[in-house]
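The values are calculated or read from the model by the stated rules, or taken from the named source; none is laboratory data. Predicted model, so just to flag it, every value in this text is computed and none were measured. A quick note on method: Cβ atoms are made from the backbone with ideal geometry, for glycine too, and the neighbour counts reach across all protein chains shown.
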Amino acid sequence: MDAEWLFVQAFEDLERCMHDPSAYSALRCAAVLRQMFADQHTLLAQAKKGYDIKPIFSVLHPRHVDFAKLGLPPPSMAVMGVQLDGTPKPLERTNLGLDSFVKYTVAEFDGQRLSVRDVIKYLSDACGGVHLGPPKDNEQKVLAELERSFPLHTMDPEGRAQRVRPTLTTIRGIAKVALDGLRPLYEAILTKNDPSRRRLTAMGTARTLELRFPGQAGALHANLVTPPMPVGPFLTAPPTAFYSFTENAPPVDDFAKIAKALGYGTHKPFGVPTLDDIPTDLVDGFRSIPAVVPGAVLPRAIAWRRDPGRPDTVLFKLTHDGNPVLAVWWDAEGSILRFRFRTLEASLDCSWANGLYATAYFRWEPGRISLTYATSLESSGYEQRTVVSN
């Protein structure tokens, strides 16, 4: 069986199991993760041959507590759950290669540190993910004792107490980090073998995703980003052109050179379409206007119906397989541009800007995004401002 095809199927199986709350699905997560990372000939190693992609796994460190300084004894056990996932600000994030990730400590018990690999092997080899039987090594025995000693119980539907198994929560956090790290390879394989499945939608228009987007790191330049302008019962904006950088993304300091080369150093008016230019039969609420608008910088605009109940208006959204990957919103009440990439978000107050002839530059890497907004001012000057997520 082809390793690339098997990798894609296993990746999608892992994603399904991670979202299923059942104990069985948690065990299946462990089985897929063992296949990916812990078998003698890992599926990851076989599938990534021929691809210049090095998976990066972004994990959180639990907040350090100095128990001795507080006059308290150290805890008898420590177990990480879904804390591996998400980006709460008090915690520190580290990007790890595969070897460091599988060795990353997710539990401590009886003076022994237990790793991502230990939890995967315990659930897959002893608890039924792949095999069901007694623990096979010291780490599995320690994890079994940790679970027997874990003090939390819940009540089943009949009112009987049942023991909570913390490793089943931990494996879901491991699975989420693994999926984020493996996604660039998954996207690259689909691009090569099944490109019809790699589509993004920007304002209702399907476009092919760039190789490795969204990837470990990258940048997206959105040319001509403006706040929506009201025209009767509609909002209009010129179409946005996207330029994606998956390698050698320009630094923010050089963005002014790009913006000025595109003409943003001189104020240019943008003509708003009239109501007669806006069709009444909008598809999915959006419609491009093909006719040239007199006085407009661009030959067409995009229009959608106004929603007075929602001040936040989506300017553009990129989706993959129906799931949002990246989105930019304007807050119509406060001139706020909000940029979200996966679980990260940055907001920039653009009330200082002209806003009618502007450009934006988005950069991301695991655990961090930045948004730069630039515009030509009424005085024919140029200004740009940047905000960083953390």
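In this entry, Ile302 is excluded by the filter for residues that are within 17 Å of Leu224 (Cα to Cα), modelled with pLDDT of 65 or more and in contact with a Cys (Cβ under 8 Å, 6 or more places away or on another chain). Of all residues in region 148-156, one or more are outside any helix (DSSP H, G or I), modelled with pLDDT under 65, more than 18 Å from Phe339 (Cα to Cα) and not assigned by TED's automatic domain parsing to the domain that holds Ala360. The set of residues in region 125-147 that are assigned to a loop (DSSP other than H, G, I, E, B) and touching a residue at least 60 places away in the same chain (Cβ under 8 Å) comprises Gly128, Gly129, Val130. For Arg183, the conditions (1) farther than 18 Å from Ala45 by Cβ; (2) of a type outside the set (S, T, N, Q); (3) at pLDDT below 90 are fulfilled apart from (1). Looking at region 114-134, is at least one residue in contact with a Leu (Cβ under 7 Å, 6 or more places away or on another chain), assigned by TED's automatic domain parsing to the domain that holds Arg28 and modelled with pLDDT under 90? No, the conditions are met nowhere in region 114-134.
Here region 1-53 is the region considered, the condition is being of a type in the set (Lys, Arg) and within 14 Å of Tyr186 (Cβ to Cβ), and the residue that is surrounded by the most Cβ atoms within 10 Å (Cβ to Cβ) is Lys48. The residues of region 1-33 include none that are over 23 Å from Asp118 (Cβ atoms) and in contact with a Gly (Cβ under 7 Å, 6 or more places away or on another chain). A search for C-beta distances below 6 Å between a residue of region 215-228 that is closer than 10 Å to Tyr357 by Cα and among the hydroxyl-bearing types (Ser, Thr, Tyr) and any residue that is modelled with pLDDT under 75 and not in a loop (DSSP other than H, G, I, E, B), counting only pairs 6+ apart in sequence or on different chains, returns Thr226/Ala237. Residues in region 365-382 that are among the aromatic types (Phe, Trp, Tyr) and out of contact with any Leu (no Cβ under 7 Å at 6 or more places or on another chain): Tyr382 only. Cβ-Cβ distance below 9 Å, separation of 6 or more or different chains: which pairs start in region 97-108 with a residue that is under 21 Å from Val142 (Cβ atoms) and in contact (Cβ under 8 Å) with a residue 24 or more places away in the chain and end on one that is surrounded by 14 or more Cβ atoms within 10 Å (Cβ to Cβ) and among the acidic types (Asp, Glu)? Note: pairs meeting the criteria are Val106/Asp118; Ala107/Asp118.
The residues in region 79-92 that are modelled with pLDDT of 80 or more and among the small types (Gly, Ala, Ser) can be counted, and the count is 0.
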